[in-house]
Amino acid sequence: MTVFHLLNCAILTFGPHAVYYSATPLSEYDTIGTSVKAAIVYLGTALVKELLKALIGFIDVAGLYFALTQLTHRNISQNHKFQAVGLGSAFADSILHRLAPLWVGARGLEFTWEYIFQGIEGNANLVLNLSLAALGSLMWLRKNKPRTLIPIIYACAGVLATMPSITRIAVHPPNDISKESRMVDFL
């Protein structure tokens, strides 16, 4: 049954392309090579777009660098400085990305798991920001770090900097079941 479902979805997805190609004069002029080249160009631009989305996380690293090194912190030790910076950035992210959807949607009469997942995502984002701030503190504020740990610290920071785009994909998949169920209820 799953193979049949896969076949149906594949025909629904790719069938119109084949019908369009054969129903228009494109098939008479043998333009399949041009279409394949255009598809390769599109795949290249999509790859660049995904890389730029991953690089956006490094803007957060620059902001953490500024907050850890340039802002004045009164009577705060190094151990508490990165915690304060990580907590502040996580709280601001939650305000910017989760307050309005919670305010608008969670007050509704219908229960959905979407807002529970947003809360869990906010907690995971708190851990992520604290971890990134701790790594930033190790990279920029500690002068006596072992030389063997420096590449590991930078590699972990790179992974954490690109992690928000990964977690957003994992928590918010493209095919949301609750939206499909709402559509069925609407029909």
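The values are calculated or read from the model by the stated rules, or taken from the named source; none is laboratory data. None of these values were measured; they are calculated from a predicted model. When we count neighbours, we look across all protein chains shown, and the Cβ atoms used for this are built from the backbone with ideal geometry, even at glycine. Remember, those area values only see protein heavy atoms, side chains included, never the ligands or the DNA or RNA. Shrake-Rupley method; radii C 1.70, N 1.55, O 1.52, S 1.80 Å.
Identify the single condition in (1) at pLDDT 80 or above; (2) open to solvent by less than 60 Å² (accessible area, probe 1.4 Å); (3) part of a loop (DSSP other than H, G, I, E, B) that Thr148 does not satisfy, given that it satisfies every other one.
In the conditions (1) at pLDDT 80 or above; (2) open to solvent by less than 60 Å² (accessible area, probe 1.4 Å); (3) part of a loop (DSSP other than H, G, I, E, B), Thr148 misses (2) alone.
From the set of residues in region 111-123 that are assigned to a helix (DSSP H, G or I) and not polar (S, T, N, Q), which is nearest to Gly63 (Cα to Cα)?
Selected residue: Gly122.
Need the failing condition index for Asn75 against (1) closer than 19 Å to Leu141 by Cβ; (2) within 28 Å of the chain's Cα centre (by Cα); (3) at pLDDT below 85, just the number.
Going through (1) closer than 19 Å to Leu141 by Cβ; (2) within 28 Å of the chain's Cα centre (by Cα); (3) at pLDDT below 85 one by one, Asn75 breaks only (2).
Could you say whether any residue in region 131-142 is modelled with pLDDT under 80 and open to solvent by 90 Å² or more (accessible area, probe 1.4 Å)?
Yes, region 131-142 contains at least one residue that is modelled with pLDDT under 80 and open to solvent by 90 Å² or more (accessible area, probe 1.4 Å).
Determine which member of the set Leu160, Leu126 is modelled with pLDDT of 85 or more, of a type outside the set (Gly, Ala, Ser), under 22 Å from the mean Cα position of the chain (by Cα) and in a helix (DSSP H, G or I).
Leu126
Quick check on my filter: what residues within region 129-145 are aliphatic (A, V, I, L, M) and part of a helix (DSSP H, G or I)?
Leu130, Leu132, Ala133, Ala134, Leu135, Leu138, Met139
Take the conditions within 27 Å of the chain's Cα centre (by Cα), at pLDDT 85 or above and open to solvent by 80 Å² or more (accessible area, probe 1.4 Å) and apply them to Tyr20. Does it pass?
no
For the subset of region 82-123 comprising residues that are open to solvent by 90 Å² or more (accessible area, probe 1.4 Å) and of a type in the set (Val, Ile, Thr), which member is modelled with the lowest pLDDT?
Val104
When you scan region 56-81, how many residues do you find that are open to solvent by 50 Å² or more (accessible area, probe 1.4 Å) and touching a residue at least 24 places away in the same chain (Cβ under 8 Å)?
Residues that pass the stated criteria total 5.
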